[in-house]
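*Asks:* Quick one: this structure, given as structure tokens, is what I'll be asking you about.
The values are calculated or read from the model by the stated rules, or taken from the named source; none is laboratory data. Note that the coordinates shown come from a computational prediction; the quantities given were computed from them, not determined experimentally. Every residue, glycine among them, receives a Cβ derived from its backbone with ideal geometry; neighbour counts consider all protein chains shown. Just so you know, the surface numbers come from the protein's heavy atoms only, side chains and all, with ligands and any DNA or RNA stripped out. Shrake-Rupley method; radii C 1.70, N 1.55, O 1.52, S 1.80 Å.
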Amino acid sequence: MAESMKGLRRTHRCTELSAANIGEEVTVMGWVQKSRNRGGIIFVDLRDRSGILQIIFEQGEDRSRTVDAEHFEKAETLRSEFVIAVVGKVEGREGNTNANMKTGDIEVRATQLRILSEAETPPFPIESASKTKEELRLTYRYLDLRRPDLQQKIMLRSHVTAKIREFMTHEGFLEIETPILNKSTPEGARDYLVPSRVHPGTFYALPQSPQLFKQLLMCSGYDRYFQIAKCFRDEDLRADRQPEFTQVDMELSFVDVEDVIEVNERLLQYVFKDAIGIDITLPIPRITWQEAMDRYGSDKPDTRFGMELVNVSDVISGCDFAVFASALEQGGSVRGINAKGQGQMPRKKIDALVEFAKGFGAKGLAYIAIGPDGTTKSSFSKFMTEDTMNALIHAMEGESGDLLLFAADQNKVVWDVLGNLRLELARNLELLDKNQYNFLWVTQFPLLEWNEDEKRYVAMHHPFTMPMEEDLELLDTDPGKVRAKAYDIVLNGTELGGGSVRIFQNSIQEKMFEIIGLSKETAQERFGFLLNAFRYGVPPHAGLAFGLDRMVMLMAQADSIREVIAFPKVKDASCLMSEAPNVVDVEQLEELGIALVKE
């Protein structure tokens, strides 16, 4: 039978007690982790968000060490996840310490017990490093969130958010909220739409980012803005993506690239040191987008290991191997990676790598395996002269025991194939150290990318990104070669955040809209409120947004952002616990003027 607190007040969380409290009477409250009855003495592990504390209920002749019969009998009924309040005295463990517990040198000898809430047996154990399937844990997320390791991650997120706010406020940023119900501006991912009851037939869109509003705030003279912003994108999910996510969003006036990078480097240095004790050496290394693609096959490269791409197109030019020759004839390239020490890899594993590469567009993989004695096995040596083979191995810095893997196709395919292949090899060879934090700025992204389906250029980031000044003349002659004043911050192969300097001159903005196929009328219809604001004086401005979920995921060394979000969605964007999304009453649909049509 559940009892009320009857005026009791908690004096400490479980692990706020230490040997310094020995002799004090305390009141602690929490959940029963486990209870052990040893006949005349009951040990209870009490758990709250701070950790675990041992409670003792004892009966015996020594009245100073016993609890009365009523409270002892109640203690005998305790089971896992009962919620209890305990009054008692802090004692030392008297030689029976537990070095694995923060409170392992003390315990509380109970004098009073109140059972505040009884509990059914949970569908899985409430314990760290749970082996229970994630689907079951997410169905009972309110129980999953009791697990100590998950609670540590959620509390880390809270701490990180607080430190970001502290830093940004100290740096003169103003925290300003922007609207959640917006106008749809379909240039990017799909919007989540919200029907309007008051304006039948019209819809709001949930924000994919606060981009337009934060630029308006710069027009309004607020100089430095930030927001811990909720954002929404209706796109396919993966380990580091959710339909709703949180950004650390910022915008600054009267700045250029260097100013934004400088303040964000100091922000990262401050937060990582305070939250997890990691020292970030400044300045953070930088490479251009082109260099990142050429060396790593990725615009978010993981630099914790080598295995960089090597362009061998010149070396094999004129060879008789049709796969290589055809790629070069069609304007592509031949590139390779050197898996050091893997020359003895079984053919079955090499075949598995070939199948993996096909998943990223490769027609196949060519390879050279160099044995311990320097002899080679190759999938294409019969098409190459001895001199060309030797030159190829030399270009790849191949040595005895190495495995050289090659892809030949259009650059985009080759980068994608080898970029993902080097990561797959690194995972298989256990080269990815979660205790290593390699930051990297990637700069000078292409301003535009070609959309083959729509046969037009689209903005690689968004249509308000400033081109590099030295490339402005290319907007008319060769827009595909224009570089953007854009920058991404990458950590261990994950994009932590990105941003850019914004266009603030009308002539450049109009040219940008023209290149991506937006007429003046369409641009005005979609972005008129921003373009109109620009007519009244707009400062040069730039910004950046961090993915808070991704950042905390990496800080917590978690495998998925679901581990650092209290109530996440699964891959089909549904919530297993609340069963959202779900059907609504017909009356609600009628009020909104919405009819559902069966396919």
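*Asks:* With respect to L8, is the statement that it is part of a strand (DSSP E or B) and open to solvent by less than 80 Å² (accessible area, probe 1.4 Å) true?
*Replies:* no
*Asks:* Counting only residues that are free of Cβ contacts under 8 Å to residues at least 40 places away in the same chain and assigned to a loop (DSSP other than H, G, I, E, B), which one in segment 455-484 is nearest to L518 (Cα to Cα)?
*Replies:* K455
*Asks:* Within segment 164-181, is there a residue that is within 18 Å of F245 (Cβ to Cβ), surrounded by 17 or more Cβ atoms within 10 Å (Cβ to Cβ), of a type outside the set (V, I, T) and under 23 Å from the mean Cα position of the chain (by Cα)?
*Replies:* Taking every residue of segment 164-181 in turn, none turns out to be within 18 Å of F245 (Cβ to Cβ), surrounded by 17 or more Cβ atoms within 10 Å (Cβ to Cβ), of a type outside the set (V, I, T) and under 23 Å from the mean Cα position of the chain (by Cα).
*Asks:* Name, by its number, the condition in (1) modelled with pLDDT under 95; (2) open to solvent by 70 Å² or more (accessible area, probe 1.4 Å); (3) in contact with a strand residue (DSSP E or B) (Cβ under 9 Å, 6 or more places away or on another chain) that does not hold for P200.
*Replies:* Single failed check for P200: (3).
*Asks:* Scan the strands (runs of 3 or more DSSP E) fully inside segment 192-286 and keep the ones with 1 or more residues being of a type in the set (K, R).
*Replies:* 224-232
*Asks:* Also: Kindly indicate the residue of segment 86-104 that is open to solvent by 20 Å² or more (accessible area, probe 1.4 Å) and within 38 Å of the chain's Cα centre (by Cα) and also modelled with the highest pLDDT among those meeting that condition.
*Replies:* K102
*Asks:* Further question: List every residue pair whose Cβ atoms lie under 8 Å apart, where the two residues are 6 or more positions apart in sequence or sit on different chains, the first residue falls within segment 19-38 and is within 23 Å of Q151 (Cβ to Cβ), and the second residue, located anywhere, is open to solvent by less than 70 Å² (accessible area, probe 1.4 Å) and part of a helix (DSSP H, G or I).
*Replies:* Short answer, once both residue conditions are applied: V28/C14; G30/C14; S35/A75.
*Asks:* Filter segment 434-447 for residues that are under 17 Å from the mean Cα position of the chain (by Cα) and part of a loop (DSSP other than H, G, I, E, B) and give the result.
*Replies:* K434, N435, Q436, Y437, N438
*Asks:* Which pairs do you get when a residue that is farther than 15 Å from L174 by Cβ and without any contact (Cβ under 8 Å) to a residue 60 or more places away in the chain, found in segment 194-219, comes within reach of a residue that is open to solvent by less than 60 Å² (accessible area, probe 1.4 Å) and aliphatic (A, V, I, L, M), reach meaning Cβ atoms under 6 angstrom, with the pair 6+ apart or on two chains?
*Replies:* Y204/V194; Q208/A189
Yes/no matrix, rows are residues, columns are (1) of a type in the set (S, T, N, Q); (2) in contact with a Leu (Cβ under 8 Å, 6 or more places away or on another chain); (3) in contact (Cβ under 8 Å) with a residue 24 or more places away in the chain:
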residue	(1), (2), (3)
L518	no, no, yes
R526	no, yes, yes
P539	no, no, yes
G543	no, yes, yes
S560	yes, no, yes
E563	no, yes, yes
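*Asks:* For segment 110-143, what are the residues that are crowded, with 18+ Cβ neighbours inside 10 Å, within 30 Å of I22 (Cα to Cα) and among the charged types (D, E, K, R)?
*Replies:* The answer is R114, and nothing else.
*Asks:* Out of G318, G361, which single residue is more than 26 Å from K434 (Cα to Cα), open to solvent by 10 Å² or more (accessible area, probe 1.4 Å) and out of contact with any strand residue (DSSP E or B) (no Cβ under 9 Å at 6 or more places or on another chain)?
*Replies:* Step by step, each of G318, G361 is checked, and only G318 is more than 26 Å from K434 (Cα to Cα), open to solvent by 10 Å² or more (accessible area, probe 1.4 Å) and out of contact with any strand residue (DSSP E or B) (no Cβ under 9 Å at 6 or more places or on another chain).
*Asks:* Right, here's the next one. So which pairs qualify, if the first residue must be in segment 405-424 and among the basic types (K, R), the second must be open to solvent by 10 Å² or more (accessible area, probe 1.4 Å), the Cβ gap must be under 6 Å, and the two must be at least 6 apart or on different chains?
*Replies:* R422/M307
*Asks:* With the condition being modelled with pLDDT under 95 and either open to solvent by 50 Å² or more (accessible area, probe 1.4 Å) or not basic (K, R) (or both), I'd like the helices (runs of 4 or more DSSP H) fully within segment 485-599 carrying at least 3 qualifying residues.
*Replies:* Fully inside segment 485-599 and qualifying: 506-515, 520-534, 586-592.
*Asks:* Further question on the same structure: Pick from E3, E73: which is more than 19 Å from D105 (Cβ to Cβ), open to solvent by 40 Å² or more (accessible area, probe 1.4 Å) and assigned to a helix (DSSP H, G or I)?
*Replies:* E73
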